[in-house]
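The values are calculated or read from the model by the stated rules, or taken from the named source; none is laboratory data. On a predicted model such as this, the values are computed, not experimentally measured, just so you know. Every residue, glycine among them, receives a Cβ derived from its backbone with ideal geometry; neighbour counts consider all protein chains shown. Protein only, heavy atoms only, side chains kept; ligands, DNA and RNA dropped before computing areas. Shrake-Rupley method; radii C 1.70, N 1.55, O 1.52, S 1.80 Å.
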Amino acid sequence: MSENTLTDSAPRRVVEAEPAASSKRWWILAVVAVAQLMVVLDATIVNIALPSAQADLGFSDGNRQWIVTAYALSFASLLLLGGRIADLFGRKTAFLIGVVGFAAVSALGGAANGFGMLVTARALQGAFGALLAPAALSLLNTTFTDVRERARAFSVYGAIAGAGGAVGLLLGGVLTDAFDWRWTLYVNVAIAVVAFVGGWLLLTNHRDAENSKLDVPGTLLVAAGLFSLVYGFSNAETHDWDSGLTWGFLIAGGVLIAAFAWWQTKAAHPLLPLRILLDRNRAASFLAVLISGGGMFGVFLFLTYYLQLNLGFSPTKTGVAFLPMVGALMVAAQLGTTALVPRIGPKVVVPLGFAIAAVGMAWLTGIGVGSSYVSAVLPQLIVTGVGLGLVMPAAMQLATGGVAAEDAGVASATVNAMQQVGGSIGTALLNTLAASAATDYLAGKDATSKLVQAQATIESYTTAFWWSAGLFAVGAVIAFVLFRRGVPEQDANAAPVVHM
């Protein structure tokens with residue numbers, strides 16, 4: 001099929017800038033960035049506070065994971081619905097409702113008097129986040145139509161999406177040490193006030209898909225499918241892989257997602273129009289976001305354990321230790337989206353980023369019981385940050401660029417869903433592999449020896465780092481094979497095309 005063949009015979013509206021917003025676009029970027037930071041922070045900020053929350057509310061170790069999982073489940077399963085709501089009813093409306101709702105349930109969680117109240121608040125956070133995140137990203141896509149400006153805007157957005165987890169660890173540590181675990185939730189109220197005021201003043205309410213209808217069967221199928229996948233991988237952390245709660249939900253999730261894909265070919269108003277997935281660069285970008293989301297947990301999760309349990313870092317110091325990675329990621333994001341991709345194309349830049357990240361993770365396997373942060377962690381973090389900075393923003397920009405205006409919300413939601421599902425898969429796989437490595441190391445050794453126990457934890461961390469490196473290497477190969485040669489067309493006035 002020709003590269004200029006339309007996805008369907010009917011003319012389609014393309015992403016257009018909001019006329020009244022053009023002069024305020026950089027302020028809109030700031031508002032969107034603040035909202036996105038709030039959503040991304042909550043994926044990790046509560047992790048640091050979990051021990052304090054558990055001691056305060058008295059819930060068991062077995063229930064502890066649900067404080068994190070409840071957020072991930074509702075967020076992932078409702079993302080496509082949230083994106084479509086933004087398209088149908090207006091992005092400003094979706095954005096403002098998402099911000100207010102997120103702040104309200106964050107306050108509810110901060111005031112929790114027991115486990116049930118806290119888990120409920122976390123699940124509701126995920127639901128409002130699923131409305132807010134795709135609205136924010138689609139606002140960015142419809143506000144910036146100039147190629148250079150859009151690249152710069154996505155470099156900022158992608159850097160926040162990639163580094164927000166590390167910032168969450170830092171902020172969570174500071175708030176827990178200086179105040180109380182509850183402030184890791186209350187802080188969202190302050191952030192939300194800024195986002196709401198900015199959104200109310202700056203945004204206009206476009207309803208690009210107002211003549212369409214909500215695909216109820218598709219919504220139910222994809223929500224149940226994504227829920228089952230994330231729940232299945234989450235169960236892998238607390239149950240064996242041969243548990244029915246693990247493989248049963250994973251199989252059910254796969255079947256439901258397949259049924260959803262089939263239904264999208266039949267529905268009159270599909271929730272996820274397949275034209276969004278048929279562009280090779282866009283499909284490759286979705287996979288790049290999925291893989292990078294999974295591999296990043298090898299950095300944040302296990303390195304957090306290592307810094308605190310082995311090197312004795314406080315929560316605040318642990319968060320500070322990630323800042324060089326955040327800085328490297330932001331610099332690479334700006335370089336990748338504004339200079340490299342527009343000149344040499346994603347087929348070189350994204351695989352190169354994955355390869356650099358793989359080198360950084362492989363280098364990180366050199367840590368030991370008595371290693372120094374400056375020599376055994378810091379350089380490796382910077383290298384990994386550079387690699388992810390070349391991958392994440394470029395992939396997000398290409399995944400949402402060029403879609404019809406009425407599809408901007410659901411395309412943005414798909415990006416967020418890929419990152420969330422990738423993170424869930426990465427967490428489950430890496431946790432399982434790390435635990436197996438520790439168990440294998442202890443076999444035949446004196447498990448009561450503190451030195452042996454410490455070395456077993458090092459073995460578990462380095463195993464996770466090796467697998468993360470392998471995941472990034474696979475990402476490099478997939479990106480190189482799938483991305484098309486050359487610089488992608490980014491003409492905002494051209495109709496969306498499908499590249500076969």
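Please find, within region 357-384, the residue that is surrounded by the most Cβ atoms within 10 Å (Cβ to Cβ) out of those that are within 15 Å of MET330 (Cα to Cα) and in contact with a Phe, Trp or Tyr (Cβ under 9 Å, 6 or more places away or on another chain). It comes out as ALA357. For region 254-266, check the following and say yes or no: at least one residue is in a loop (DSSP other than H, G, I, E, B) and open to solvent by 60 Å² or more (accessible area, probe 1.4 Å). Yes. Per the listing VAL299, VAL331, VAL326, VAL289, the residue uniquely open to solvent by 30 Å² or more (accessible area, probe 1.4 Å) and of a type in the set (Val, Ile, Thr) is VAL331.
Six or more apart or on different chains, Cβ atoms under 7 Å: show the pairs whose first residue is in region 117-129 and touching a residue at least 60 places away in the same chain (Cβ under 8 Å) and open to solvent by less than 10 Å² (accessible area, probe 1.4 Å) and whose second is among the polar types (S, T, N, Q) and in a helix (DSSP H, G or I). Note: pairs meeting the criteria are GLN125/SER106.
Within the bounds of region 74-85, is there any residue that is more than 19 Å from ASN416 (Cβ to Cβ) and modelled with pLDDT of 75 or more? Checking region 74-85: not a single residue is more than 19 Å from ASN416 (Cβ to Cβ) and modelled with pLDDT of 75 or more.
In region 272-281, the count of residues that are polar (S, T, N, Q), under 22 Å from the mean Cα position of the chain (by Cα), over 18 Å from MET418 (Cβ atoms) and surrounded by 18 or more Cβ atoms within 10 Å (Cβ to Cβ) is zero.
Regarding ILE191, is this residue modelled with pLDDT of 85 or more, among the β-branched types (Val, Ile, Thr) and within 29 Å of ASP87 (Cα to Cα)? Answer is yes for this residue. The residues on offer are LEU390, LEU429, and the sole one that is over 30 Å from ALA224 (Cβ atoms) and among the hydrophobic types (A, V, I, L, M, F, W, C) is LEU390. Residue count for region 65-95 under the criterion of being farther than 28 Å from ASN431 by Cβ, open to solvent by 20 Å² or more (accessible area, probe 1.4 Å) and of a type outside the set (D, E, K, R): the result is 4.
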